[in-house]
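The values are calculated or read from the model by the stated rules, or taken from the named source; none is laboratory data. Not measured: the values here are computed from a predicted model. For neighbour counting, all protein chains shown are included, and Cβ atoms are generated from backbone atoms with ideal geometry for every residue, glycine included.
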């Protein structure tokens with residue numbers, strides 16, 4: 001992929017906030033992947049590195065697509081429209097373009113998985129899908145997202161929530177409330193995945209640890225008898 005992209009940045013018309021919309025298109029399928037924004041700095045990084053770098057309006061910071069999720073977009077070309085106030089960015093992508101795990105941000109709306117969201121109506125995501133979604137949340141930090149709130153508060157807050165949710169699981173299970181136990185286990189799993197993303201722990205690492213233990217055949221840890 002080219003890393004010598006050329007564009008007359010000085011001829012572009014940025015808005016009053018110093019931003020310009022960028023329509024990202026798949027070079028091979030011609031599908032529109034997303035609409036994002038760039039400022040002069042993020043555009044220059046995109047041209048120099050050959051990978052998309054955008055400006056997050058909600059966080060007021062730069063973000064490189066795929067920096068944490070691995071879903072990098074390698075740039076083939078960047079072209080302005082006839083007025084010079086919008087860009088078409090053609091890319092070859094590594095993985096989903098959308099934070100929901102879909103190929104494009106325009107592949108149906110679908111409710112996002114967020115703690116506290118209503119049950120039902122959302123996409124049937126796998127654990128791997130949810131992990132990738134959380135990685136993207138950490139990368140983009142969209143405003144109004146509960147996941148963004150957790151990542152911005154940091155490790156201490158995430159650990160506190162994991163502890164709280166674990167306690168809720170114990171209480172529900174002790175009551176023999178099956179549906180409540182399922183609900184609380186889902187909350188605990190969600191917050192545990194947030195913790196994994198925060199700490200840079202991958203699902204494959206956890207799977208590998210579980211596979212090495214053979215927990216159904218032998219005792220891994222000795223409990224202290226009192």
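Structure notes:
- Within the range 143-160, residues that are closer than 15 Å to residue 190 by Cβ sit with their Cβ atoms under 7 Å from residues that are loosely packed, with under 12 Cβ neighbours inside 10 Å and at pLDDT below 90, at 6+ positions apart or across chains, in these pairs: 146/116.
- Test: residue in the range 16-25 that is touching a helix residue (DSSP H, G or I) at 6+ places or on another chain (Cβ under 6 Å), within 22 Å of residue 96 (Cα to Cα) and part of a strand (DSSP E or B): no
- 3 or more residues in contact with a helix residue (DSSP H, G or I) (Cβ under 6 Å, 6 or more places away or on another chain): qualifying helices (runs of 4 or more DSSP H) within the range 130-219: 146-153, 155-174, 178-199
- Residues in the range 126-142 that are more than 12 Å from the chain's Cα centre (by Cα) and either within 14 Å of residue 199 (Cα to Cα) or without any contact (Cβ under 8 Å) to a residue 40 or more places away in the chain (or both): 126 alone.
- Filtered residues of the range 185-214 (kept if farther than 28 Å from residue 69 by Cβ and surrounded by 12 or more Cβ atoms within 10 Å (Cβ to Cβ)): 213
- Within the range 38-54, tally of residues that are in contact with a strand residue (DSSP E or B) (Cβ under 9 Å, 6 or more places away or on another chain) and part of a helix (DSSP H, G or I): 9
Conditions (1) touching a helix residue (DSSP H, G or I) at 6+ places or on another chain (Cβ under 7 Å); (2) farther than 30 Å from residue 146 by Cα, marked per residue:
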| residue | (1), (2) |
| --- | --- |
| 33 | no, no |
| 54 | yes, no |
| 58 | no, no |
| 61 | no, no |
| 72 | no, no |
| 75 | yes, yes |
| 88 | no, yes |
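- Odd one out for residue 116 among (1) surrounded by fewer than 16 Cβ atoms within 10 Å (Cβ to Cβ); (2) under 15 Å from residue 19 (Cβ atoms); (3) at pLDDT below 90: (2)
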